[in-house]
Each structure stands twice: as C-alpha cells, then as structure tokens.
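The structure under discussion appears below in the form of structure tokens.
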Amino acid sequence: MDELRVVARYVVESAEEVLPVFEVANPSDPRPRAAIDAAREFVNGARRTKLQRITSLDAHRAAKEATTEAERLAARAAGDAASAAYLHPIAKATQVGHILRAAASAARVGELNADGDFAVGLRLIEKARQRATPVLIDVLNRYPLAPAGKSRAAQLMTILDTSLRTSR
C-alpha cells in the first residue's frame, strides 16, 4: 500500500496541474475533480475503496465527452490519478499508463497551450522525471516498457518511461 500511495501521489500531482484546463471549459462537470479528490484521500492514508474505481471511470467518461484534446487529457489524467490506487501487480505494459500517462498528458497540455511547441512538452517531461522518487522508479521497473503509441501524449510517455528507467 505504501508503494501504491507513492505512485498515486505522483499521478495526482500531474493531474492537478492540468485540472483547471478541464474545469474552465466544463465548470458544471465535477467528475475529474472528484477523481482527484478520491485519489488524494487514498494518498493521505484512507483505504482504497470503490470510490477510487467509480470516480476514475467517471473521469474517463468525462474525457470521452470533452470537446478539445487538452480537456480530454486533463480529465483522463484525473481518472488515472484515482485508478493509480489499483495498479495491477501483474507485469503488463498497459499498467505503465497508470503510472506515467498523467505526466505525459500534462506535458502535452503544456504543448497545446504553447501553440504546439514540442520544447515545452520536453521541459515538462524533464520536470516529471525530476519529481519521480526512487520508490516510483522501482515500481515502474517491475513492468515492461510503456506501450508504443502514435499520439503525441503516448510519445511523451515513452520518453518519460525511458528517461526514468535509465536515471538509476
């Protein structure tokens, strides 16, 4: 549980950075905020419960309904924060997304807010790398490499994954 809390804290920090992007565009939709709040409860010592699962799914639904890429990424990051409490112990590459996708999504949102400037995303990935604790890196190394993807957010996740695994 202690390791899951470290992972969830990392994901929550990334999701909180971009939550305002979703909330400004969707002020009446509380689902991503609820997911972050549920994740934060777990990080602060509460037991993991159905609350994290339900709010994660709700935030991911909000992402599907969002109208812009930045809003989608922000809502998905919030959903990932809540789902980090349930990181699966079976070593599948898809689990890496629960650890790193929120940071990659935040970096992509930064790029979008800077008119698509890839240098901004790379700087944000570097900040995410620096924020990673040894415990987070140890957990990450139990899983295969992040799955390759074509989207820019997936590319940023691969960059972050590689940099964390080689930073030891």
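Bear in mind these aren't lab numbers, they're just calculated from the coordinates by the rules spelled out. Predicted, not measured: the structure shown is a model, and the values here were computed from it. Cβ coordinates were reconstructed from backbone atoms using ideal geometry, including for glycine residues, and neighbour counts include every protein chain displayed.
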Open item on the list: Restricting to segment 6-60, count the residues that are surrounded by 18 or more Cβ atoms within 10 Å (Cβ to Cβ) and in contact with a Phe, Trp or Tyr (Cβ under 7 Å, 6 or more places away or on another chain).
Closed with: 4
- [ ] Could you look through segment 62-115, keep only residues that are crowded, with 24+ Cβ neighbours inside 10 Å and among the basic types (Lys, Arg), and pick out the one that is farthest from the chain's Cα centre (by Cα)?
- [x] 108
Task: Residues that are among the polar types (S, T, N, Q), surrounded by 14 or more Cβ atoms within 10 Å (Cβ to Cβ) and under 14 Å from residue 99 (Cβ atoms), drawn from segment 126-161 - done: 158
TODO: Go through segment 54-168 and tell me which helices (runs of 4 or more DSSP H), entirely inside it, have 3 or more residues that are within 19 Å of residue 24 (Cβ to Cβ), among the small types (Gly, Ala, Ser) and out of contact with any strand residue (DSSP E or B) (no Cβ under 8 Å at 6 or more places or on another chain).
DONE: 69-83, 94-113
